[in-house]
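The values are calculated or read from the model by the stated rules, or taken from the named source; none is laboratory data. Keep in mind it's a predicted model, so treat the numbers as computed, not measured. Here Cβ is always computed from backbone atoms with ideal geometry, including for glycine, and neighbour counts include all displayed protein chains.
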Amino acid sequence: MARQNKKEIVSEYLKIAENEILRRWHEPSVQDILRHLVERGIVEPKRLRNYMIIYDFDCLLKFNEGSRTHTFMDLSIKYDISERQVQSVVYKERKKETPTMNITF
């Protein structure tokens with residue numbers, strides 16, 4: 001029963017968010033949608049930053065020829081945080097991107 005409730009709640013929220021966004025922008029871009037979610041407090045700016053760190057990590061790792069040390073250093077400079085914080089985001093936050101870790105359908 002709890003699984004069904006989560007699915008129904010998410011579906012209901014998606015309809016509400018879609019209506020709010022379409023009222024605000026006739027043809028919203030991804031940037032508009034993210035701005036709306038952040039302004040409403042649904043998505044924390046820190047979560048967006050963490051997503052970008054993980055995305056940049058994957059891209060920079062190829063550029064740095066697989067050197068994690070250099071990649072962590074580059075990201076710590078870009079985001080003005082410590083290398084340890086970058087490591088924590090990459091290793092601990094990445095799992096939150098999988099649907100099974102954040103909502104059950």
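Some points to look at:
- In the range 17-39, the residue that is nearest to the chain's Cα centre (by Cα) out of those that are surrounded by 10 or more Cβ atoms within 10 Å (Cβ to Cβ) and outside any helix (DSSP H, G or I) is 28.
- Inside the range 59-83, residues that are loosely packed, with under 13 Cβ neighbours inside 10 Å and either within 17 Å of the chain's Cα centre (by Cα) or closer than 16 Å to residue 46 by Cα (or both) make up a count of 3.
- Test: residue in the range 42-50 that is farther than 30 Å from residue 22 by Cβ, of a type outside the set (A, V, I, L, M, F, W, C) and outside the structural domain of residue 7 (by TED's automatic domain parsing): no
The rows are residues; the columns are (1) farther than 23 Å from residue 95 by Cβ; (2) at pLDDT 90 or above; (3) in a loop (DSSP other than H, G, I, E, B).
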{"position": "8", "(1), (2), (3)": "yes, no, no"}
{"position": "15", "(1), (2), (3)": "yes, yes, no"}
{"position": "46", "(1), (2), (3)": "no, yes, no"}
{"position": "49", "(1), (2), (3)": "no, yes, no"}
{"position": "66", "(1), (2), (3)": "no, no, yes"}
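- On inspection, residue 77 does not qualify as free of Cβ contacts under 8 Å to residues at least 60 places away in the same chain and either among the acidic types (Asp, Glu) or in a loop (DSSP other than H, G, I, E, B) (or both).
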